[in-house]
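Student: Here's a structure for you.
Every read-out reported here was derived from the displayed coordinates using simple, explicitly stated rules and does not represent laboratory data. Since the structure is predicted, the reported quantities are computational estimates derived from the model, not experimental observations. Here the Cβ positions follow ideal geometry from the backbone for every residue, glycine too, while neighbour counts run over all protein chains shown.
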């Protein structure tokens with residue numbers, strides 16, 4: 001998306017809010033959050049590259065997960081599984 005179109009997107013309001021919140025933090029905290037964000041993006045990109053280059057690996061992981069589920073070795077997810085852990 002061209003930069004000039006980005007300003008008209010619904011995400012622009014969210015980015016504005018994010019920048020406002022970041023500006024409330026100390027420079028050190030901002031730097032830490034930005035570094036974590038960039039590391040996460042690179043990790044996500046690496047995973048995408050791995051999956052794209054080796055679809056057999058993803059298929060094997062999916063087959064393994066389905067086999068565990070069919071064998072009754074899985075449990076349903078609950079809301080607690082998605083809660084942020086205060087210790088992490």
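Student: What are the extents of the Cα atoms of the chain along their three principal axes, listed from largest to smallest and rounded to whole Å?
Tutor: Largest first, the chain extends 50, 36, 26 Å along its Cα principal axes.
Student: Here's something else I'd like to know. With label points built 7 Å along Cα→Cβ from the Cα atoms of residue 82 and residue 69, find their separation and express it in nm.
Tutor: Rounded to a tenth, the inter-label distance reads 1.7 nm.
Student: Give, in whole angstrom and from largest to smallest, the semi-axes √(5λ) of the equivalent ellipsoid of the range 38-88, with λ running over the eigenvalues of the Cα gyration tensor. Could you put the intermediate results ahead of the total?
Tutor: Working: eigenvalues 117, 105, 7 Å².
Calculated on Cα positions only, the semi-axes equal 24, 23, 6 Å.
Student: Relative to the longest principal axis of the chain, what angle (0 to 90°, nearest 10) does the C-alpha long axis of helix 11-23 take?
Tutor: Long axis of 11-23 versus the principal axis of the chain: about 70 degrees.
Student: Give the angle, between 0 and 90 degrees and rounded to the nearest 10, that separates the Cα long axis of helix 27-53 from the longest principal axis of the Cα atoms of the chain.
Tutor: 40 degrees
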